[in-house]
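Take a look at the structure set out below.
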Amino acid sequence: VEMHPAKYIWALRALIYKPFFRHIGNMSYIGKPCFIEGCKRISIGKRTRIFPGIRMEAIGTGEISIGDNCAIEQNVHIISQNNVLHIGSNTTISANVFIADIDHDYRDIFKGVTGQPLIEKETFVGEGCFIGYGASILPGTVLGNHCIVGSNTVLKGKYPDNSVIVGAPGKIVKQYDNNTQEWVVK
């Protein structure tokens with residue numbers, strides 16, 4: 001399998017970024033980013049492929065931890081403030097996905113949303129997950145291992161291992177039963 005010529009530049013970019021990040025594993029590459037804040041609090045595992053347009057924000061004491069052998073497609077936005085936002089190894093994140101552990105509160109109706117305080121809730125994506133195009137993973141979401149998230153799904157809450165989740169709000173439509181070793185439609 002030949003590597004596309006642009007990916008050599010992306011691999012070089014990862015080497016140049018390495019001293020500025022907490023960690024970038026071997027054989028990882030990063031396409032031209034849109035915006036990166038808090039590099040020293042961002043860890044990227046080995047053999048992780050990040051395509052152009054990534055926006056990663058580790059704000060305050062927030063951390064972003066991306067496991068080994070992940071694929072993150074174009075225009076993905078990941079934001080963490082004062083928590084560790086973890087993305088497990090062997091996870092694929094399709095284009096135009098949003099993952100956050102912060103949201104704006106909206107209690108004072110006389111202030112705009114951006115003038116409101118931020119609400120922080122730990123967000124976690126398990127290992128071996130597939131996140132479909134345009135999905136949103138909202139603050140406080142805990143996604144188990146080996147989950148499949150459909151395109152444009154909006155996740156908020158806890159989802160067990162081996163679930164297929166679709167819709168807005170995200171609902172489990174299928175789950176693997178370890179006892180019967182079969183998929184069960186919900």
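How much net charge surrounds GLY62 when only other residues with a Cβ under 10 Å from its Cβ are counted (Lys, Arg +1; Asp, Glu -1)?
Details: positive: ARG41; negative: GLU37, GLU57, GLU63, ASP101, GLU120.
That sum, taken over residues with Cβ under 10 Å, equals -4.
Can you list residues from other chains, or at least 5 along the same chain, whose modelled amide H is less than 5 Å from the amide H of GLY62?
For GLY62, whose amide H was placed from the backbone, the distant partners under 5 Å are ASN82, ASN83.
Provide the gained length on full extension for the span ASP105 to ARG47, in nm with one decimal, where the gain is 0.36 nm per separating residue minus the Cα-Cα distance. It would help to have the intermediate numbers written out before the result.
On the way: separation 58, 0.36 × 58 = 20.88 nm, distance 3.73 nm.
Net length gain for the segment: 17.1 nm.
Between (1) 1.05; (2) 0.97; (3) 1.00, which entry matches Rg/Rh (Cα atoms, Kirkwood Rh) as derived from the coordinates of this structure?
Identified label for the calculated read-out: (3).
Place a +1 charge on the Cβ of each Lys and Arg in segment 57-122 and a -1 charge on the Cβ of each Asp and Glu, then give the dipole magnitude about the Cα centre in debye, rounded to the nearest 20. Write out the running numbers ahead of the final one.
Values: 3 positive and 10 negative charges, 35 e Å.
Approximately 160 debye in magnitude.
About its Cα centre, what dipole magnitude does segment 55-186 give when the only charges are +1 on Lys and Arg Cβ and -1 on Asp and Glu Cβ, stated in debye to the nearest 20? Could the numbers behind the result be given before it?
On the way: 9 positive and 14 negative charges, 91 e Å.
Value, rounded to 20: 440 debye.
When only the heavy atoms of the protein chains count and the probe is 1.4 Å, how do CYS39, CYS70 rank by accessible area, highest first? Write down the numbers at each step before the final one.
Values: CYS39 40, CYS70 0 Å².
I get CYS39, CYS70, largest accessible area first.
Applying 1/(1 + (r/R0)^6) with R0 = 30 Å to the Cβ-Cβ distance of ARG22 and LYS121, what FRET efficiency is obtained, to the nearest 0.05?
On the way: r = 22 Å, r/R0 = 0.75.
It comes out at approximately 0.85.
If the chain between THR114 and GLU2 were fully stretched, how many nm would it gain, using 0.36 nm times the residue separation less the Cα-Cα distance?
35.7 nm
According to the square roots a ≥ b ≥ c of the eigenvalues of the Cα gyration tensor, what is the shape class of segment 1-83, taking rounded for a/c under 1.5, prolate for a/b larger than b/c otherwise, and oblate for the remainder?
Values: a/c = 1.93, a/b = 1.68, b/c = 1.15.
Since a/c reaches 1.5 and a/b is larger than b/c, the shape of segment 1-83 is classed as prolate.
Give the aspartates and glutamates whose C-alpha is closer than 17 Å to that of LYS111, dropping any in the same chain fewer than 8 places away, or say none.
Those aspartates and glutamates meeting the cut-off are ASP103.
Using a 1.4 angstrom probe on heavy atoms only, work out the carbon and sulfur share of the accessible area of the chain in %.
On the way: 5440 of 9780 Å².
The value for the chain is 56 percent carbon and sulfur by accessible area.
Here is the link list: LYS46/LYS158; LYS46/LYS156; LYS121/LYS156; LYS121/LYS158; LYS40/LYS158. Which ones come out longer than 20 Å on Cα distance?
Values: LYS46/LYS158 28 Å; LYS46/LYS156 29 Å; LYS121/LYS156 11 Å; LYS121/LYS158 12 Å; LYS40/LYS158 29 Å.
Distance filter (> 20 Å) returns LYS46/LYS158; LYS46/LYS156; LYS40/LYS158.
Considering only C-alpha atoms, what is the centroid distance from segment 146-180 to segment 32-82, in Å?
Between the Cα centres of segment 146-180 and segment 32-82 lies a distance of 23 Å.
For a test of the definition: using alpha carbon positions, the gyration tensor, and the 1.5 limit on a/c, classify segment 29-77 as rounded, prolate or oblate.
Values: a/c = 2.28, a/b = 1.23, b/c = 1.85.
Oblate is the answer for segment 29-77, as a/c is 1.5 or above yet b/c matches or exceeds a/b.
The values are calculated or read from the model by the stated rules, or taken from the named source; none is laboratory data. Because the structure is predicted, anything quoted here is derived from the model rather than measured. Cβ coordinates were reconstructed from backbone atoms using ideal geometry, including for glycine residues, and neighbour counts include every protein chain displayed. All accessible areas refer to the heavy atoms of the entire protein, side chains included, with ligands and DNA or RNA removed. Shrake-Rupley method; radii C 1.70, N 1.55, O 1.52, S 1.80 Å.
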